[in-house]
Amino acid sequence: MALFVKQETYFVWQMTSYFDCAATAPIIPDARAALLRFTDLEYGNAGSRTHEFGTQAKRAVQAARAQVATLAGARADEVIFTSGATEANNLAILGLRAHGEATGKRHIVTTAIEHKAVLEPVQALVGAGFEATIIAPDSHGRISDDAVLAALRPDTLLVSVMHANNETGALQPITTIAAGLAGSGAFFHVDAAQSFGKLSAPLADPNIHLISVSGHKLYAPKGIGALIVRRKETKIPIAPLIYGGGQERGLRPGTLPVAIIAAFGAACAAASRDVNKRAARCLEIRQHLLDALLPLGAVINGSLEDGLASTLNLSFPGLDSEAVMLVLKDLVALSNGSACTSASYEPSHVLLAMGLPGDRIDGALRFSWCHMTEEPDWVDVAARISSLR
């Protein structure tokens, strides 16, 4: 009887359309094949130099490093593998602490809409005597490049601005910020967890010194990501946060997880190949969603013109987001904010920073999808939401 219940539950779960790809995305076949190959068959340690198992593992890591680098116009030796974008953000920000203290450059510029994996390391530095200027967005969730550049000071150590916001999908003007920072002496860090492999051209800008990326947002397994550290004329003085082993240019010691690194590389290779086709499919899904939900009075929190093709944040006036998610529970899997703070009932810091009214924030829902997303019956979705009024 228990087995039957599990099968039935699994069937219902599989019938639900998954619209929470900004939290984590499904793994693609190419990545799954690489994961299984280097888990079951070629399971050597990339640091073992005395046998073929280690040699094959090292080759897989080198290939993946090049595949990741390609998506940011970087060199393979500029890719430092991490456990994900959160670790990469911490390494980029906290790793500059010693340099800032040694040079007297203790000022950081960032934005109010950053992921907590940026805001909390910045606050840790503030607690250690640094200063931070936090730039607020406009009502569409966009940061002004002029405001960022106007905040620069002679003692500015780092500017950290995300590429695409994880809650609204709003794209930030990282290209113009990078151009404005050239020659300033400040390092520029971009959290590209949501955009990596989807919008590569802006990330190839050589004036972006540090880029954080995540595997599980790009259809690879969880637990792998990277910090891209440009090897410019002046070495970027990142110091490690942990010690022991010397792997990853000494910045991230520990045995390399070859299987998930290889899977991440395969996912990056597929993204290079299929980026245009994927974008077209995501835009098609977005149009179907808009056609179904805008007639219900849905309000967009963000911008269609300056946002990812695969993320929309919507509010339904008069409706609470929890009520909408409940009525759609067996039809659409979605969220009302970042997965990293989903256990908290505090209002979204992103939407608060945008200056949205409380009822609009309370009703906000994040729909995020990918090229593999199976669409729901949008007529049914609209009917269920309408039933709440």
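Computed from the coordinates by the stated procedures, all read-outs in this text should not be read as laboratory data. Values in this document were obtained by computation on a predicted structure and should not be read as measured data. In this analysis, Cβ positions are derived from the backbone assuming ideal geometry, glycine residues included, and neighbour counts consider all displayed protein chains.
Karplus-derived 3J(HN,Hα) values for the range 210-227, using 6.51 cos²θ - 1.76 cosθ + 1.60 with θ = phi - 60°, are 9, 10, 9, 9, 10, x, 6, 8, 10, 6, 10, x, 6, x, 9, x, 7, 10 Hz; glycine and proline are entered as x.
Can you give the helix-only mean residue ellipticity at 222 nm for the chain, where every DSSP H stretch with n ≥ 4 adds -39500 (n - 2.57) and the sum goes over all residues, rounded to the nearest 500 deg cm²/dmol? It would help to have the intermediate numbers written out before the result.
Numbers: 13 runs with 146 residues, N = 389.
When only DSSP H runs of four or more count, the value is -11500 deg cm²/dmol.
Under 20 Å from the 7 Å Cα→Cβ point of residue 277, by amide nitrogen: which residues of the range 342-381? Residues 369-375 fall inside that zone.
When each of the peptides 236-242, 215-221, 136-142, 77-83 is scored by how many other beta carbons lie within 10 Å of its residues on average, the order from highest to lowest is 215-221, 77-83, 136-142, 236-242. In order along the range 196-208, phi translates into HN-Hα couplings of 4, x, 10, 9, 8, 4, x, 6, 7, 4, x, 7, 8 Hz, rounded to whole numbers, per the Karplus curve 6.51 cos²θ - 1.76 cosθ + 1.60 with θ = phi - 60° and x for Gly and Pro.
Let me have the relative contact order for the range 29-269, percent, based on Cα pairs under 8 Å that are six or more residues apart. Don't jump to the answer; show the numbers that get you there.
Details: 490 pairs, mean separation 70.9, N = 241.
Answer for the range 29-269 is 29 percent.
Once both labels are positioned 7 Å from their Cα atoms along Cα-to-Cβ, the gap between residue 131 and residue 304 label points is 4.3 nm. Most tightly packed first, judged by the mean number of other beta-carbon atoms within 10 Å of their residues, the peptides 179-185, 307-313, 121-127 read 307-313, 121-127, 179-185.
Which of the chymotrypsin sites (Phe, Trp or Tyr not before Pro) found in the range 299-389 are in a DSSP loop and have at most 12 neighbouring Cβ atoms, other than their own, within 10 Å?
Details: sites: 345, 367, 369, 378; in loops: 345, 369.
Here the sparse-neighbourhood loop sites are 345.
Taking all Cα pairs closer than 8 Å and separated by 6 or more residues, the relative contact order of the range 213-359 comes to 13 percent.
Apply 1/(1 + (r/R0)^6) to the Cβ-Cβ distance of residue 124 and residue 176, taking R0 = 25 Å, and write down the FRET efficiency to the nearest 0.05. Display every interim value, and only then the final one.
Details: r = 29 Å, r/R0 = 1.15.
Working from the Cβ atoms, E equals 0.30.
Near residue 20, the amide H atoms lying under 5 Å from its own belong to 368; only residues 5 or more places off or on other chains count, and H is placed 1.01 Å from N. Rounded to the nearest 0.05, the FRET efficiency derived from the C-beta distance between residue 149 and residue 51 at R0 = 45 Å is 0.25.
Residue ranges 275-288, 56-69 sort as 56-69, 275-288 when ordered by packing (mean number of other C-beta atoms within 10 Å per residue, highest first). Rounded to the nearest 20 debye, the dipole size of the chain about its Cα centre is 1260 debye, using +1 on the Cβ of Lys and Arg and -1 on the Cβ of Asp and Glu.
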